[in-house]
Amino acid sequence: MKTMNTQNPSLPFFDITRQYKEIKSEVMSTFEKILDAQACIGGAYVTEFEKSAAQWVGAKHAVTVASGMDALILGLKAIGVKAGDEVITPAFSFFGSTGAITWINAKPVWVDIHKDSYCLNVDQVKKKITSKTKAIMPVHLYGQCADMDALMKLSKETGIPVIEDTAQSIGASYKGKPAGGIGHVGAISFYPTKNLGGAGDGGMIVTNDELISQQAMLLKNHGMPKRYTYAMLGSNSRLDALQCAYLNIKLKHLKKWNERRAEIAGQYIKNLKDLESKGLVLPVTMEGNKHVFHQFVIRVKDRDQVKARLAELGVPTDIYYPQAIPDESVLKEFRNPAEKFPVAEECAQTVLALPIFPELTQKEIDTIIAGVRKAL
Ligand SMILES: Cc1ncc(COP(=O)(O)O)c(C=O)c1O
């Protein structure tokens, strides 16, 4: 179970209540209208959010669904991935990227990640393509995009579609192109801790392809184009009106919030840069990327000791993620033991996330910087 880690009130790793204060009165009055009308499923608030979110993300179509995981699952199905097909994805991510593939009984085929971007290493993708490969799923980890030019070139050459796991990267862009709208389909998460977090679970499929968007609309609503008429086997993955209204209110602030994250990241980098000589690895924004710093992840050799020292200094940290995906025991049937993922495995031992959210105060930022300097 993911936790939101809001325990330490003095300097929290993440505190969503601060952001909520900014939007509370608008949320309350909007919720009252929806609840008075009891217009909870579908309707204007859903279509309005989908329209503004598509525009905001820079994609032609947006289809809201119940979670980021469902966006991946239904996105994979919408591009035609079936049981037994292979999907290439990175060996280092939140489990859900691979989990979506296994959930539809397709086979995850892992590639290692790039040591600077933490996103999949495109050079390795080519070697893993077989006649069974039916999709490539890069993950735009921590808030920046994978090398999408190289990936889309490969996709064009091979005809294999690309589904972007954009759960962590709404608002990021690659060479001016918005994350999620570069490949054939993008999957976004509105889990409350995300840069655009809902008041609960939520997700969205974005695409520039009309057919994929139609497929997704059907898949999320029982496969039903018309009442009690079924075009395919579907599910119920509708995002309700309250969530869409909430997200639409927050969407108006997202640009500012993402900019503040990047500004905080800039302060960390500027004030910790000299510690690189002591083995600290700071995040690198790859050329052409706009990074939205969903997480600010550093790497240190003696990670667990540094984490403990920071905790003593009142600086909470977290680990995203403590294990490379192929090393998870529940995935053993898919793992070829001879295969190695050295970068993913090293990252699992060394990554450490510092607090980053738009409402951090300057005093807190200074405490975090001073803490890291002391701990190292
Ligand atoms: C990279 C990645 N993929 C998929 C997901 C799944 O999203 P959700 O939690 O909304 O189902 C997440 C959420 O943490 C994620 O970070």
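If you go through region 259-270 one residue at a time, do you hit one that is under 19 Å from the mean Cα position of the chain (by Cα), buried (at least 19 other Cβ atoms within 10 Å of the Cβ) and among the charged types (D, E, K, R)?
yes
For region 162-186: of the residues being under 19 Å from residue 89 (Cβ atoms) and small (Gly, Ala, Ser), which is farthest from the ligand (Cβ to nearest atom)?
Ranking the qualifying residues of region 162-186, first place goes to 183.
Exactly one of (1) over 16 Å from the mean Cα position of the chain (by Cα); (2) within 22 Å of residue 245 (Cβ to Cβ); (3) assigned to a loop (DSSP other than H, G, I, E, B) is unmet by residue 223. Its number?
Here residue 223 clears every test but (2).
Report, by residue number, each residue of region 195-220 that is part of a strand (DSSP E or B) and surrounded by fewer than 17 Cβ atoms within 10 Å (Cβ to Cβ).
Matches in region 195-220: none.
Please work out if residue 115 is among the basic types (Lys, Arg), in contact (Cβ under 8 Å) with a residue 60 or more places away in the chain and not assigned by TED's automatic domain parsing to the domain that holds residue 259.
When the stated conditions are applied, residue 115 passes them.
Identify the single condition in (1) closer than 20 Å to residue 234 by Cα; (2) away from the ligand (no atom under 16 Å from the Cβ) that residue 40 does not satisfy, given that it satisfies every other one.
If we test residue 40 against (1) closer than 20 Å to residue 234 by Cα; (2) away from the ligand (no atom under 16 Å from the Cβ), just (1) comes out false.
Which members of region 56-72 meet the condition of being more than 16 Å from the ligand (Cβ to nearest atom), modelled with pLDDT of 95 or more and within 19 Å of the chain's Cα centre (by Cα)?
59, 61
Which residues, taken from region 123-137, are closer than 14 Å to residue 90 by Cα and either at pLDDT below 95 or surrounded by fewer than 20 Cβ atoms within 10 Å (Cβ to Cβ) (or both)?
Selection gives 123, 124, 126, 127, 128, 129.
Is there a residue being within 16 Å of the ligand (Cβ to nearest atom) and touching a residue at least 12 places away in the same chain (Cβ under 8 Å) anywhere in region 152-161?
No: zero hits.
Look at region 79-108 and say how many of its residues are outside any helix (DSSP H, G or I) and without any contact (Cβ under 8 Å) to a residue 40 or more places away in the chain.
Qualifying residue count for the region: 4.
Which condition from (1) assigned to a helix (DSSP H, G or I); (2) among the small types (Gly, Ala, Ser); (3) under 14 Å from the mean Cα position of the chain (by Cα) is the one that residue 75 breaks?
Here residue 75 meets the rest and fails (3).
Suppose we keep only residues that are of a type in the set (A, V, I, L, M) and within 16 Å of the ligand (Cβ to nearest atom) within region 187-218. Which one would you say is farthest from residue 19 (Cα to Cα)?
216
Restricting attention to region 175-194, and to residues there that are buried (at least 24 other Cβ atoms within 10 Å of the Cβ) and of a type outside the set (Gly, Ala, Ser), which single residue is nearest to residue 289 (Cα to Cα)?
So the residue we want is 182.
In region 244-278, what count of residues is obtained for those that are of a type outside the set (Ser, Thr, Tyr) and touching a residue at least 60 places away in the same chain (Cβ under 8 Å)?
Counting residues in region 244-278 that are of a type outside the set (Ser, Thr, Tyr) and touching a residue at least 60 places away in the same chain (Cβ under 8 Å) gives 22.
For region 73-121, give me the residue count where each residue is more than 15 Å from the ligand (Cβ to nearest atom) and farther than 27 Å from residue 288 by Cα.
Qualifying residue count for the region: 14.
Within region 128-147, track down each residue that is within 19 Å of residue 209 (Cα to Cα) and within 16 Å of the ligand (Cβ to nearest atom).
Listed by number, the residues that qualify are 135, 136, 137, 138.
The values are calculated or read from the model by the stated rules, or taken from the named source; none is laboratory data. Not measured: the values here are computed from a predicted model. Reconstructed Cβ throughout: ideal geometry from the backbone, glycine too, with neighbour counts over all protein chains shown.
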